[in-house]
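Only one structure is covered here, and it is reproduced in the block below.
The values are calculated or read from the model by the stated rules, or taken from the named source; none is laboratory data. What you see is a predicted model; the values in this text were computed from it and never measured. Using ideal geometry, Cβ is built from the backbone for each residue, glycine included, and neighbour counts are taken over all protein chains shown.
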Amino acid sequence: MEQQHALPRSGRGRHESVSDVSILLVDDFEDGLDLYHEYLTYRGYRVIVARNGEEAVAQARAHSPDLIMMDIRMPLMTGTDAMRILRADPSFGRVPIIALTAHAMEDERVAALAAGFDELIPKPCLPDQLVVAVERILAVARQPRATHSAMDLFWSKGGTVACSAHAPAPASDVWKVQGWQPVPHWRQAAKVTILQCQFCHGRPYAHTREAKLAG
């Protein structure tokens, strides 16, 4: 007789209301991929799978998921490299990208957040715990960013420039680890270049007419 996985205990069972929410699940470990796929599908999520970083980028571009969860150490392309490629695409600016990894010491967590992941979930992780984490992350991602006006800009110590809609939530772990700060208003419109959100515009600087003529 085949062994059956116990159904998740959180919530009230299958969630029909989240059937429009899609999750890209990326892992090269087939058993873990199948297990998490089964539980997330049971909870009502539409799950897309990939088994390495290259597949993850292709699947993300093809399906535009609401949440991406991926292992860090995979063949062909690591999860970190795949995440950086997706982060460079403005269409993924508000999509949470979560590191799902067995290497979950504090220094690994800090490194993952600094690299650009929104959060790190250690594995092995009970499927029920994974579902709870997914629900929490999606709830946070849907909260409006009302702390600052839409015109405010922020930059990280890594050089990323973002508006209030695309920057991490102020005082969050990602905000602290990546070293985000408000851009001073005097710097948002310099004489030669105008600073702008690279997620909205694809690059952090817009050249002024004078700069174009000079070039």
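Name the single residue, out of those in region 20-59 being among the small types (Gly, Ala, Ser) and over 17 Å from the mean Cα position of the chain (by Cα), that is modelled with the lowest pLDDT. Can you show your working first?
At the first step, the residues of region 20-59 found to be among the small types (Gly, Ala, Ser) are 22, 32, 44, 50, 53, 56, 58.
Next cut, over 17 Å from the mean Cα position of the chain (by Cα) only: 32, 44.
Values: Gly32: 85, Gly44: 90.
Looking at residues that are among the small types (Gly, Ala, Ser) and over 17 Å from the mean Cα position of the chain (by Cα), I get Gly32.
Residues in region 131-144 that are at pLDDT below 80 and more than 16 Å from the chain's Cα centre (by Cα): Pro144 alone. Here is the figure for region 95-136: residues that are buried (at least 21 other Cβ atoms within 10 Å of the Cβ), assigned to a helix (DSSP H, G or I) and either out of contact with any Phe, Trp or Tyr (no Cβ under 9 Å at 6 or more places or on another chain) or hydroxyl-bearing (Ser, Thr, Tyr) (or both) total 2. Here Ala62 fulfils each of the conditions (1) in a helix (DSSP H, G or I); (2) modelled with pLDDT of 95 or more; (3) under 26 Å from Pro168 (Cβ atoms) apart from (3).
Quick one: which of Trp175, Trp186 is at pLDDT 75 or above and assigned to a helix (DSSP H, G or I)?
Numbers: Trp186 fails: at pLDDT 75 or above.
Criteria check complete, one pass: Trp175.
Taking each residue of region 65-94 that is outside any loop (DSSP other than H, G, I, E, B) and looking for partners that are modelled with pLDDT of 90 or more and of a type in the set (D, E, K, R) with beta-carbon atoms closer than 8 Å, six or more apart or interchain, yields Met70/Asp27; Gly79/Asp71; Ala82/Glu54.
Only a single criterion out of (1) in contact with a helix residue (DSSP H, G or I) (Cβ under 7 Å, 6 or more places away or on another chain); (2) more than 22 Å from Trp180 (Cβ to Cβ) is not satisfied by Glu30, namely (1). If you go through region 30-64 and pick out every residue that is touching a residue at least 60 places away in the same chain (Cβ under 8 Å) and either among the aromatic types (Phe, Trp, Tyr) or crowded, with 19+ Cβ neighbours inside 10 Å (or both), you end up with 5.
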